[in-house]
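> I have a structure I would like to understand better, so I am pasting it below and will then ask my questions one at a time.
Read-outs throughout are calculated quantities, based only on the coordinates presented, and are distinct from any laboratory measurement. Since we're looking at a predicted model, the values are computed, not measured. Backbone-built Cβ (ideal geometry, glycine too); neighbour counts: all protein chains shown.
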């Protein structure tokens, strides 16, 4: 009889766990992956990749320990923020690189074109040693400086130079919320008579670095390029190989596109009690009070000015401690060791006496845990049915949602490309529209873009007008996601929010 009861309980527990796992998979449809997290002047910044989110994010929160912090800057894409990225272009200067000069120039020129007003470029070379060519290249002189590289070094200390480049980049004073990215451009063939930095040591260094590593491989040494790709992937960056299947300009566009779609936001850490290396931090993203997703990371938090001064004042008296303090500490340590030894023997005896009860207690605890999980799930469902004021989705957005227009076809007459979408925006050929389009075939009032129930929609205002969203005919009320392509009369613009 007992065996049947136990078997029934185990089956019931397995079913409950399976249900919980299924619920977790459903909730994991939307995800937040912090790519880089750092602190600058008491502001916590994160670059995060958001996936599976089909509604505007209206609330973001960071949590460190038991403290929560609200945003101090707008949540926006890197593209909307003007690409605040500092690129260190680390170019292989060895004698094997001249055949790839044209590909190198094409990649760097296109990278400049696809970046933003807040992007900065540093040019350096690798070979016998790591060398800085220019710490701040003007965009208009990029092609000229790349063309001037001699490609005359016989030694290629690839790993050593990459390690030196990280030392240099990490030592630079950070400028605001900049994302630091190093792009290694090389055929990946290493010739280092002195051995250099071992691969595993460099791999571990890259994993811990604040700098994000990307790479553009050239040539046909598949094994060497694969190793370079391993280093890049350890950083969370993008590894590409230029060749017949991937033009250098397309590689630059893909890199910029991936970086531009990241989200960036800052949090004011005033009053933060935590400090130190690898402090856990979690981020919550919500829309109108409804949780969308969470992300977790670790961050180094420096001491604030007040906390640092207090710490220094407390350490001064301890430096003047008398020898008796040291002897007293030693005596206390020996006494504690003796106490721990005696208590260890007592605990060992008690454990032998109670060993038979451990398995019973563990089984009871497991059943209780499952019951508690079921209770919490049921309670959560009830809470969702009885919507609290915090969970009610607002119909109006008094502050608006930041919207930016991307105009690849150059059809915008109005210079304004950034809006605060509170109710609706009208697009058409009339000068009275919020978004004025230049194509003659576009009606005076072609479509409207509006918010409803926490989502952004587009609605054609002329029945016979063909409006496409991502090359597909738009519905009467078409829901939009950030980055969707909107085409009117053959002309396209994108809406970023």
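> Report the semi-axes of the equivalent ellipsoid for region 85-252 in whole Å, largest first, where each axis is √(5λ) for an eigenvalue λ of the Cα gyration tensor. Don't skip to the answer; put the middle values down first.
Values: eigenvalues 89, 75, 49 Å².
Working through the eigenvalues yields semi-axes of 21, 19, 16 Å.
> Compute the distance from the alpha-carbon center of region 77-134 to that of region 31-52, in whole Å.
About 24 Å separates the Cα centre of region 77-134 from the one of region 31-52.
> Would you mind ranking 94, 432 by Cβ crowding within 10 Å, fewest neighbours first?
Working: 94 24, 432 9.
Lowest to highest Cβ neighbour count: 432, 94.
> Sort 284-295, 156-167 by the packing proxy (mean of other Cβ within 10 Å over each peptide's residues), most packed first.
Numbers: 284-295: 18.4, 156-167: 22.2.
Highest-to-lowest ranking by the protection proxy: 156-167, 284-295.
> Place a point 7 Å from Cα of residue 154 in the direction of its Cβ. Which residues in region 62-106 have their backbone N less than 12 Å from it?
Inside the label zone: 95.
> Using the alpha carbon gyration tensor of region 92-137, what are the three equivalent-ellipsoid semi-axes (square root of 5 times each eigenvalue), largest first, in whole Å?
Working: eigenvalues 94, 50, 5 Å².
Values for region 92-137, descending: 22, 16, 5 Å.
> With 10 angstrom as the radius, rank 49, 476 by how many other C-beta atoms surround their C-beta, starting from the fewest.
On the way: 49 15, 476 8.
By the 10 Å Cβ count, ascending, the order reads 476, 49.
> Report the label-to-label distance for residue 101 and residue 147 in nanometres (one decimal), using points 7 Å from each Cα along the Cα→Cβ vector.
Taking the two extended label points, one gets 1.0 nm.
> Working from the alpha-carbon coordinates of region 51-159, get Rg over Rh, Rh being the Kirkwood radius. Please list the in-between numbers first.
Working: Rg = 19.6 Å, Rh = 16.9 Å.
Taking Rg over the Kirkwood Rh, I get 1.16.
> For residue 431 and residue 406 in one chain, what is 0.36 nm times their gap in residues minus the Cα-Cα distance, to one decimal in nm? Please list the in-between numbers first.
Working: separation 25, 0.36 × 25 = 9.00 nm, distance 1.93 nm.
Net length gain for the segment: 7.1 nm.
> Restricting to region 85-252, compute how many DSSP beta bridges are antiparallel as a %, nearest 5. If you can, show how the numbers build up before the last one.
Values: 4 of 28 bridges.
Of the beta bridges lying entirely in region 85-252, close to 15 percent run antiparallel.
> Rounded if a/c is under 1.5, else prolate if a/b beats b/c, else oblate: with a ≥ b ≥ c from the C-alpha gyration tensor eigenvalues square-rooted, which is region 401-496?
It is rounded, given that a/c, with a ≥ b ≥ c, falls under 1.5.
> Quick check on the exposure proxy: order 218, 97 from fewest to most C-beta atoms within 10 angstrom. Display every interim value, and only then the final one.
On the way: 218 23, 97 26.
Fewest to most other Cβ atoms nearby, the residues stand as 218, 97.
> How far is it, in nm, from the label point at residue 73 to the one at residue 33 when both lie 7 Å from their Cα along the line to the Cβ?
If labels sit at residue 73 and residue 33, their model points lie 2.2 nm apart.
> Follow-up. Could you state, as a whole-number percent, how many of the C-alpha pairs of region 197-306 are farther apart than 21 Å? Don't skip to the answer; put the middle values down first.
Working: 3402 of 5995 pairs.
Of all Cα-Cα pairs in region 197-306, 57 percent lie more than 21 Å apart.
> Work out the FRET efficiency for residue 300 and residue 440 from their Cβ-Cβ distance, taking R0 = 45 Å, and round it to the nearest 0.05.
On the way: r = 57 Å, r/R0 = 1.26.
Working from the Cβ atoms, E equals 0.20.
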